[in-house]
Amino acid sequence: MPQHPGDPSSVLAAADRARDRLATGLRLPRGLFPVLAVAIAGQVGAAAYGIAAQTTAGLAVVLAGAAVFLAIAALVLVQFRRINGVRVDGLASTIILGTGTTSTLAYMGTFAAATLAAFDSRWWLVVFAAAVGGAAYSLSAYRWWHAYRRNPVERAGGASPRMLALLALAACVGIAVLMVGS
């Protein structure tokens, strides 16, 4: 369709085509989904162990698991920006931090299962639940990414950085309350 500078619908159509070309041309860092699965599984397993241990060393394991996950998340986001030269709304919050419904449910369910198994010292079940959680989380991220590329407008947006910071603060307060109470 030829573009006519005076016709707003023509300009909007050209912008839509450019957005769609950009969305389909975006590339993720190599191995993102397997790395995400391992990072989540490690974080779930570390958290389940640490919570069940209810010791200072257990808290250190919980924090180490979270730190490793956050380091991997930051590395992935830096690599994405380096590869593509852009930021994508929803990439950090939905894919990496799992704010989508499916990834949240997968994480919470397998985290609960791993934690209960850790309290019973069923370590094979902790590992299994953590692995399932990582795989489900990663699959959810994979599905979101492909849906985003098909329709970036529908998937645009994600949790704001302020909201994510508020949620992180709430999680830290929750952990502190749990530790003080034990």
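The values are calculated or read from the model by the stated rules, or taken from the named source; none is laboratory data. None of the values given here were measured: they were computed from a predicted structure. Cβ atoms come from the backbone with ideal geometry, glycine included; neighbour counts cover every protein chain shown. Each accessible area value is taken on the protein alone, full model and side chains, heavy atoms only, with ligands, DNA and RNA left out. Shrake-Rupley method; radii C 1.70, N 1.55, O 1.52, S 1.80 Å.
Miscellaneous remarks
- Verdict on residue 32 being surrounded by 14 or more Cβ atoms within 10 Å (Cβ to Cβ) and closer than 22 Å to residue 146 by Cβ: yes
- Residue match in the stretch 152-170 (condition: open to solvent by 90 Å² or more (accessible area, probe 1.4 Å), modelled with pLDDT of 90 or more and under 19 Å from the mean Cα position of the chain (by Cα)): no
- Residue list for the stretch 111-131, filter: among the aliphatic types (A, V, I, L, M) and either surrounded by fewer than 18 Cβ atoms within 10 Å (Cβ to Cβ) or in contact (Cβ under 8 Å) with a residue 24 or more places away in the chain (or both): 112, 114, 116, 117, 118, 125, 126, 127, 129, 130, 131
- Within the stretch 54-69, residues that are in contact (Cβ under 8 Å) with a residue 60 or more places away in the chain and closer than 20 Å to residue 107 by Cβ have Cβ atoms under 8 Å from residues that are open to solvent by less than 70 Å² (accessible area, probe 1.4 Å) and of a type in the set (Lys, Arg) in no pair, counting only partners at least 6 apart in sequence or on another chain.
- Some residue of the stretch 101-110 being open to solvent by 20 Å² or more (accessible area, probe 1.4 Å), modelled with pLDDT of 90 or more, over 14 Å from residue 40 (Cβ atoms) and polar (S, T, N, Q): no
- Check on residue 39, under 21 Å from residue 91 (Cα atoms), open to solvent by less than 20 Å² (accessible area, probe 1.4 Å) and modelled with pLDDT of 85 or more: yes
- Filtering the stretch 30-66 to residues that are assigned to a loop (DSSP other than H, G, I, E, B) and either farther than 18 Å from residue 76 by Cβ or hydroxyl-bearing (Ser, Thr, Tyr) (or both) leaves 54, 55.
- Any hit, the stretch 81-95, residues being modelled with pLDDT under 90, closer than 21 Å to residue 52 by Cβ and part of a helix (DSSP H, G or I): no
- The stretch 76-96, subset more than 19 Å from residue 152 (Cα to Cα) and touching a residue at least 24 places away in the same chain (Cβ under 8 Å), residue surrounded by the fewest Cβ atoms within 10 Å (Cβ to Cβ): 79
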